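To start, the structure under review is shown below, and the notes come after it.
The values are calculated or read from the model by the stated rules, or taken from the named source; none is laboratory data. Because the structure is predicted, anything quoted here is derived from the model rather than measured. All Cβ positions, glycine included, derive from the backbone under ideal geometry; neighbour counts span all protein chains shown. Just the protein is used for accessible areas: all its heavy atoms, side chains included, with ligands, DNA and RNA removed. Shrake-Rupley method; radii C 1.70, N 1.55, O 1.52, S 1.80 Å.
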Amino acid sequence: MALLPILEFPDPRLRTKAAPVEPADLATPAFQTLLDDMFQTMYEAPGIGLAASQVDVHKRFMVIDVTEDRSRPLVFVNPVINARDGEQVYQEGCLSVPGIYADVTRSDTITVEALDRHGQPFSLETDGVLAVCVQHEMDHLDGKLFVDYLSPLKREMVRKKLLKAKRAA
Ligand code: NI
């Protein structure tokens with residue numbers, strides 16, 4: 001396995017709209033290796049979700065594990081949310097926006113349909129942090145970041161802070 005470089009805001013590649021994964025892609029060893037590398041990259045960071053877009057692969061899939069003991073690794077390929085209920089506010093962060101945390105309002109309960117890493121369809125109804133994470137990672141696949149929910153002024157402050165941090169590094 002290998003650690004993958006994670007794109008960071010305001011890298012314009014994070015704004016790419018990802019294309020659907022083709023069934024033939026799923027069957028390749030390269031795809032399975034990429035998923036393993038994404039899990040390793042996410043766990044090492046550490047984070048609870050990583051979308052393919054963040055590692056410069058512009059296909060619609062993501063990995064998530066919101067457990068403390070890394071016991072529930074989930075893969076979502078071509079995810080679609082087909083039911084939503086309620087609202088929740090959660091303080092989000094993102095591996096592509098390091099060191100920045102902000103409250104974002106999202107749906108409380110969602111039902112998401114996707115394929116797993118072996119191409120098997122599944123449906124998951126969930127709430128709480130897992131629901132937040134699914135919505136956050138799916139935004140990445142559409143080129144959207146959690147800082148887009150902030151005011152333009154606040155987003156500009158975040159952009160300057162990260163560019164400054166990068167220059168200092
Ligand atoms: Ni993120």
Selection of GluC sites (Glu not before Pro), the stretch 1-88, meeting DSSP coil and at most 16 other Cβ within 10 Å: 68
Segment residue 36-residue 168, length gained on full extension (0.36 nm per residue, minus Cα span): 44.3 nm
Straight-distance crosslink candidates among lysines, where the alpha carbon sits under 21 Å from residue 164 and sequence neighbours closer than 8 are dropped: 154
All lysines inside 27 Å of residue 161 as judged from Cα atoms, apart from same-chain residues fewer than 8 positions distant: 17, 144
Carbon + sulfur, % of accessible area of the stretch 1-129 - ligands and nucleic acids excluded, 1.4 Å: 52 percent
Cα-based Rg and Dmax for the stretch 23-99, where Dmax is the largest Cα-Cα distance (Å): 13.6, 40
Sequence of 109, 41 when ordered by accessible area, the most exposed leading, probe 1.4 angstrom: 109, 41
Whole-angstrom Cα spans of the chain along principal axes, big to small: 43, 38, 32
Per residue value of the accessible surface for the chain (all protein chains in place, 1.4 Å probe), Å²: 52 Å²
